[in-house]
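Shown next, in structure tokens, is the structure this report addresses.
What follows draws every value from the coordinates through simple rules; no lab data is involved. This structure is a prediction, so every number in the text was calculated from the model and none was measured. As a convention, Cβ positions derive from the backbone with ideal geometry for all residues, glycine included, and neighbour counts pool all protein chains shown.
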């Protein structure tokens, strides 16, 4: 019997293997350690494994391999999005020091790593089969993780996520089936032929596919699940979902938009997505105004930020993809930074740091922490000297350059609204009449502080040394 | 050295915000030293040019710093105002206030020495943050902070969009202070109005001014002095170095609209100043009126009017800062700013009354002080450009200015001593030194305006004459 795949194929997925094996290793330690592995051990193994994976992924930069008959395409695109996924995973792991029971910690960490495997697979997936495999791997672990916290809203979140995400998967799968019917191939590249532009199956299939993607990206009108799920999910899981799920889904969307559409049909087919992205900027930012929970607020913020990222892709220009990637990185660091602040403020399952109430008077009690939070909030709003500012101007330039002025205009309106929501938290932290007396006894675990500091440095550094990778295309070999 | 000029106050201010303790003398001392050091650095780095690459796509942008002719005077004004404002700080919690003042100075210095539009936009947004925090922590009401930040951030976003569009269209944003970068075409009007609206919000001009009276009234006097004197000039400076040089056709085409807005600001500000009961609001509305005059001068594109505008920008900064600091002293002593309650300061505090009088006379345009020269040259320029009706309105506003300034001083300085208000001692040495340099500068520029006048006209390239400018005076 001969194996259908050569060692080249297996070498291409080496990072995935390492990441998955790390998850197994964490579980194995938990099994042999009596009574169960301490959280520190599991976390260290997971962090080391993730960093090793990141190194392996980075080594693939500059190579171009289409493994598994074109199902898994390694290239600069997959490397860069893979690194964002791993960045998000590291950021989420750093917040796992508290909350949940110690007994469950190893299992949680293993599930998180496997979920990251799915996201990593998506960054390189180039056929509808691998895309579906990646999405299910990413989501299945998250269904469990969402329900881990010991509160009612967690169970609600898990169920809601399960039902809605499965519905989205079904729609996506239906779209994929139709696309297969149209082209007779699961490969995305096979769709980019002129004949497809007149094939009704292709149009229907693409439509369903994009609806599924919009669901996963929580774009309006498919956004309602996101804030609810983030609110219920444990803090690190919410951080993971806001960054990793978004990065992976944007990777698929970008690949589909850039590589799988016939030249004539692309702009018309994608127009609804740009419209939806524009509406998301407004709805997400307006939705933030009434929130009292940081996770919900960041959930709505994420809806709007995805809108910004998609605005950079509008017109599917080469430069636009670079800016979308840049803003994705920026969004990842500032978002993880804000979550890290919340983690420092939380003592455990209660997650006090997610209640906006607990930010009252923070400026007087914990000046450094309040300054960091202010910084991340201003970054999310797009004020200088943060990379959020530079990211916004690059997106504006991309949207204006490709003729989508109305998207640029919506971005400006959305940003102006968002400042109010972010500044409301700043106001609560610094306004003298919001001062709460009493000493702060909480001592932070070191990991969230490290994550916070790194995010802070990255947010400033990216302004002055913008990371704009040039070799993202081609996406499909 | 240019880089040090920007970074010195920003670093000093940030460090100060992170420190602990509230030693008033120490922080005031450091603040004054830093502000004076920036003044020295500005003179030393006057002819320097520094650049480092930033972006290569979608347009070229550099960290390009350099000091233009008008920018130089604004920097001198800024450093002077900051030094005086820091010296005038008399809060129980001075550390954060001095720190924010230095941050404000650093960000505005960055704005004035930016030679790149993107860098300009960065500092334009950045300079909002220190003021926002001062309003949050020390403002009279949170809504003042809201109004300030939302209005100005919205303006900043338009600026950002105009910058991005300009960059995409022109290929580079490294254009401030260098010739040959004018743009034209179908996009130019949009870009022009993006910049213009942002600048009109910042200046402010009618109808985008509604954030301004609240902000000025709510800010602590030293910060109000710097914001009212210098931050309001960021928009006008933008008109000079961006709108006029990069979009000369557009500014000529829309000059009527700008003149109308400027004229409404001029009259509306003067009339509103006449009926305010809060002393700080009188100064705030007078600022609307005076800056409206500068907007008109810019819109006419008449070289004489522009030279006058450059001088009046500096003069207005000097007397506004002096007045806010002086009114701050009054408020500290009498614990009210209400014109209905204040009277008779002159009897108990003659030095304070004298300082206020000099600043006020400069504001109403008394010959011999800087305000007069600026107004005279601007109005002459407006007449030369053929807008006789506008010139007449401007003269009327000067009369109104006399009315509201004298009303302010009748109210505060003259009259019998108010027995229901506390009587405190006159200006101390420190307080006197904090206001004296501004008054001396007003006097100096009043008798020797050529220093600034000349630099203003040199910095201004000739724009294509609009067809309406037909009349020339002998």
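If I take every Cα pair under 8 Å that is 6 or more residues apart in the range A:92-162, average their sequence separation and divide by the length, what percent do I get for the relative contact order? Spell out each step's value before the answer.
Numbers: 63 pairs, mean separation 19.3, N = 71.
Relative CO of the range A:92-162 lands at 27 percent.
Put one equal scatterer on each alpha carbon of the range A:1-100, apply the Debye formula with no solvent term, and list log10 I(q)/I(0) at q = 0.11, 0.21, 0.22 1/Å to two decimals.
-0.42, -1.03, -1.09
Return the average number of partner chain Cβ atoms within 10 angstrom of each residue Cβ along peptide B:135-145.
The shielding value for this peptide is 3.
Once you keep just the Cα pairs under 8 angstrom separated by 6 or more residues, what percentage relative contact order results for the range A:143-210?
In percent, rounded to a whole number, it is 30.
Kirkwood Rh over Cα pairs of the range B:225-329 into Stokes-Einstein at 25 °C, 0.890 mPa s: D in µm²/s?
The calculation lands on 174 µm²/s.
Quick one: plug the Kirkwood hydrodynamic radius of the range B:339-434 (C-alpha pairs) into Stokes-Einstein at 20 °C, 1.002 mPa s, and report D in µm²/s.
141
Over all directions, the average projected area of the alpha-carbon convex hull for the range B:148-246 comes to how many nm²? Could the numbers behind the result be given before it?
Details: hull surface 26.1 nm².
Result: 6.5 nm².
Write down the percent of antiparallel bridges among all DSSP beta bridges whose residues are both part of chain B, to the nearest 5.
Within chain B, antiparallel bridges account for around 90 percent of the total.
Roughly speaking, what is the centre-to-centre gap between the range A:201-220 and the range B:15-45 when only Cα atoms are used, to the nearest Å?
58
Can you tell me what the convex hull of the Cα atoms of the range A:274-430 projects to on average, as an area in nm²?
Reported value for the Cα convex hull: 8.3 nm².
Between residue B:143 and residue B:184, what FRET efficiency follows from the Cβ-Cβ distance if R0 is 41 Å, with the result rounded to 0.05?
After rounding, the FRET efficiency stands at 0.45.
Between residue A:350 and residue B:7, how many nm apart are label points set 7 Å from Cα along the C-beta direction?
4.5
Kirkwood hydrodynamic radius for the range B:101-197: how many Å is it when counted over pairs of different Cα atoms?
For the range B:101-197, inverting the mean 1/r across all distinct Cα pairs yields 14.5 Å.
Is the shape of the range B:1-64 best called rounded, prolate or oblate, per the rule: a/c under 1.5 gives rounded, else a/b larger than b/c gives prolate, else oblate, with a ≥ b ≥ c the square roots of the Cα gyration tensor eigenvalues?
Values: a/c = 5.93, a/b = 1.83, b/c = 3.24.
It is oblate, given that a/c is not under 1.5 and a/b is not larger than b/c.
Between residue A:155 and residue A:11, what FRET efficiency follows from the Cβ-Cβ distance if R0 is 41 Å, with the result rounded to 0.05? Walk me through the numbers on the way to the answer.
On the way: r = 42 Å, r/R0 = 1.03.
Here the calculated transfer efficiency is 0.45.
Using only Cα atoms, locate the centre of the range B:77-125 and the centre of the range A:164-184, then give the distance between them in Å, rounded to an integer.
Each part reduced to its Cα centre gives a spacing of 57 Å.
Could you tell me the distance between the Cα centroids of the range A:377-407 and the range A:283-340, to the nearest Å?
Comparing the Cα centres of the range A:377-407 and the range A:283-340, I get a distance of 11 Å.
Residues of the range A:120-154 with amide nitrogen under 19 Å from the 7 Å Cα-to-Cβ point of residue A:316?
A:123-129, A:131
Please check which bits of the range B:295-322 a label hung off residue B:392 would reach, taking the label as a point 7 Å along Cα-to-C-beta and the cut-off as backbone N under 20 Å.
B:296-297, B:300
When a/c reaches 1.5 or more, the comparison of a/b and b/c decides; with that in mind, is the range A:71-207 rounded, prolate or oblate per its Cα gyration tensor?
Taking the square roots of the gyration eigenvalues as a ≥ b ≥ c, the range A:71-207 is oblate.
In peptide B:154-166, how many Cβ atoms from other protein chains are near each Cβ within 10 Å, on average?
Partner Cβ neighbours, averaged per residue: 6.
Compute the relative contact order of the range A:261-399 as a whole-number percentage, counting only Cα pairs closer than 8 Å that sit 6 or more residues apart in sequence. Intermediate results must be reported in sequence, preceding the final value.
Working: 153 pairs, mean separation 33.9, N = 139.
Reported as a whole number, the value is 24 percent.
Across bins of 20 angstrom width beginning at 0, how are the C-alpha pair distances of chain A distributed, in whole percent?
Going out from 0 Å in 20 Å bins, chain A shows 26, 59, 15, 1 percent.
Where does the Debye-calculated log10 I(q)/I(0) of the range A:142-254 sit at q = 0.11, 0.21, 0.23 Å⁻¹, using only Cα point scatterers of equal weight, no solvent?
Reported log10 I(q)/I(0), two decimals: -0.42, -1.04, -1.17.
Can you give the convex hull volume per residue for the Cα atoms of the range A:337-442, as a whole number of Å³?
102
What nm value, rounded to one decimal, do you get for the distance between residue A:34 and residue B:410 when each label is placed 7 Å out toward the C-beta?
9.7
List, largest first, the extents of the alpha carbons of the range B:274-341 along their principal axes, each in whole Å.
That gives 46, 22, 9 Å along the principal axes, largest extent first.
Over the protein assembly as shown, what number does the Rg to Rh ratio reach, with both radii from the alpha-carbon atoms and Rh per Kirkwood?
Reported Rg/Rh (Cα atoms, Kirkwood Rh): 1.03.
According to the square roots a ≥ b ≥ c of the eigenvalues of the Cα gyration tensor, what is the shape class of chain B, taking rounded for a/c under 1.5, prolate for a/b larger than b/c otherwise, and oblate for the remainder?
Numbers: a/c = 1.78, a/b = 1.24, b/c = 1.43.
The shape class here is oblate.
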